[in-house]
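The values are calculated or read from the model by the stated rules, or taken from the named source; none is laboratory data. This structure is a prediction, so every number in the text was calculated from the model and none was measured. All Cβ positions, even for glycine, are placed from backbone atoms using ideal geometry, and neighbour counts span all protein chains on display. With ligands, DNA and RNA removed, areas are computed over all heavy atoms of the protein, side chains included. Shrake-Rupley method; radii C 1.70, N 1.55, O 1.52, S 1.80 Å.
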Amino acid sequence: MRLLQEKLSKYDLPQKAMAAGIYPYFRMIESDQDTEVQINGKKVLMFGSNAYLGLTNHPKVKQAAIEAIEKYGTGCAGSRFLNGTLDLHIQLEKRLAEFVGKEDAIIYSTGFQVNLGVVSCLTGREDYIIWDELDHASIIEGHRLSFSTKLKFKHNDMDSLEKQLQKCEPDKIKLIVIDGVFSMEGDIANLPGIVALAKKYNASIMVDEAHGIGVLGAQGRGTCNHFGVTDDVDLIMGTFSKSFASIGGFIASDKETINYLRHNSRSYIFSASNTPAATAAANAALDIMLSEPERIEKLWELTNYALKGFRDMGCEIGHTSTPIIPLFIRDNDLTFLIVKELFDAGIFVNPVVSPAVAPQDTLIRFSLMATHTKEQLDKALEAIRTIFKKYGLIE
Ligand SMILES: Cc1ncc(COP(=O)(O)O)c(C=O)c1O
């Protein structure tokens, strides 16, 4: 056996979980992504989706994608930089910049590529990237590729952030990169606090709005809009894989920053451009976000109902105040087991275990869509109550 195979053959965590009958990944969905999905011929309620506005099935979004394929074909056969720029991309970039309140924007093929290609290329060897310890993996990958000094601060802890800012020379660039809404824990970044510190230490801010757009702010414009700090935030990132019901991502900023990224961001330049269908779907989702504010209202009605339901039940849900609700289990195997038992009871939720979180912080990620019904939510709450009681997680 070659050395590489020998090393990798020792990795057997998935096999062990499969043997125990609790392996929770790659469950094969045989239907559309909706509040109810079909897996192995069985219908289950979907409480693990990121399509917060429930737009993946919206007739106008589907129609826009179909029409884009009819007109432009299935792919762009090249990068935005060379032969892959469509009028569709340019139109959506203009709309997105305006939507989040910035001068300009560029679209990447995934949100991951945005963070990878932006965080890695803005700052230089003598500069600093300062990040929250619970930032998304794509931000971490981005700064791993950067030559700057990286400083981590404790999650949403302003004292810790200030201590890191104090370590930086005043004349060096300092870029603070954070999630607006944290993807696993559902809590909102303390943006007013971060903005105040950024002003004090002359730092720049980039906010990942993957889970903020479509959820927070006027017409779903995100966390920066929610706190009224759009002008104090330098870069706003978004992804199409959540509320926009598609795939792709964008970064919005001032003209000079976008001009630099357009010509230097490697995951933008050296990767094929977003497909016509995906771009048109995101554009149609944006139309709906702007014209159907009742969806966001419904999402919040369900969110508040679920948050109260879980709190009343005695579940440990951390500091969330959004449609992402972490149900802390604090044990890897038990998390897998409960995900399986919930699945057997007709409820799909996602496990979050180490190394994504520390072993003592494992959780079940429960997330809502505007299209869920109260009855579906009640059914999920009841199933969770029964199973959590059985394992002594609640009384
Ligand atoms: C906070 C955050 N940023 C970025 C991404 C990456 O986005 P995409 O799925 O579009 O690659 C995700 C997706 O999981 C995310 O949760």
Cβ pairs under 6 Å, 6+ apart or interchain, first in the range 182-200 and more than 15 Å from ALA137 (Cα to Cα), second acidic (Asp, Glu), ordered by first then second residue, are VAL195/ASP232; LEU197/GLU162
Go through the residues of the range 94-109 one by one and say whether even a single one is in a helix (DSSP H, G or I) and either more than 29 Å from LEU290 (Cβ to Cβ) or within 16 Å of the ligand (Cβ to nearest atom) (or both). yes
Within the range 247-264, restricting to residues that are of a type in the set (Gly, Ala, Ser) and more than 11 Å from the ligand (Cβ to nearest atom), the one that is farthest from ALA280 (Cα to Cα) is SER253
Subset of the range 58-100, residues open to solvent by less than 40 Å² (accessible area, probe 1.4 Å) and either farther than 16 Å from ALA282 by Cα or charged (D, E, K, R) (or both), comes to GLY73, CYS76, GLY78, SER79, ARG80, GLY84, GLU93
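What about PHE244, is it within 16 Å of the ligand (Cβ to nearest atom), modelled with pLDDT of 95 or more and not polar (S, T, N, Q)? Spell out how you get there, then give the answer.
On the way: within 16 Å of the ligand (Cβ to nearest atom): yes; modelled with pLDDT of 95 or more: yes; not polar (S, T, N, Q): yes.
Taking the combined requirement at face value, the residue satisfies it.
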Return only the number of the condition from (1) touching a residue at least 12 places away in the same chain (Cβ under 8 Å); (2) more than 26 Å from ASP179 (Cβ to Cβ) that GLN38 does not satisfy. (1)
Return the only residue of TYR128, TYR108 being under 21 Å from the mean Cα position of the chain (by Cα) and not small (Gly, Ala, Ser). TYR108
Members of the range 218-234 that are away from the ligand (no atom under 16 Å from the Cβ) and in a loop (DSSP other than H, G, I, E, B): ARG221, GLY228, VAL229, ASP234
Looking at the range 167-200 only, could you name the residues that are open to solvent by less than 60 Å² (accessible area, probe 1.4 Å), hydrophobic (A, V, I, L, M, F, W, C), over 28 Å from PHE366 (Cα atoms) and in a loop (DSSP other than H, G, I, E, B)? CYS168
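Kindly evaluate LYS60 against the criterion of being more than 16 Å from the ligand (Cβ to nearest atom), touching a residue at least 24 places away in the same chain (Cβ under 8 Å), within 20 Å of TYR260 (Cα to Cα) and not in a strand (DSSP E or B).
Values: more than 16 Å from the ligand (Cβ to nearest atom): yes; touching a residue at least 24 places away in the same chain (Cβ under 8 Å): yes; within 20 Å of TYR260 (Cα to Cα): no; not in a strand (DSSP E or B): yes.
No; evaluated as a whole, the condition is false for this residue.
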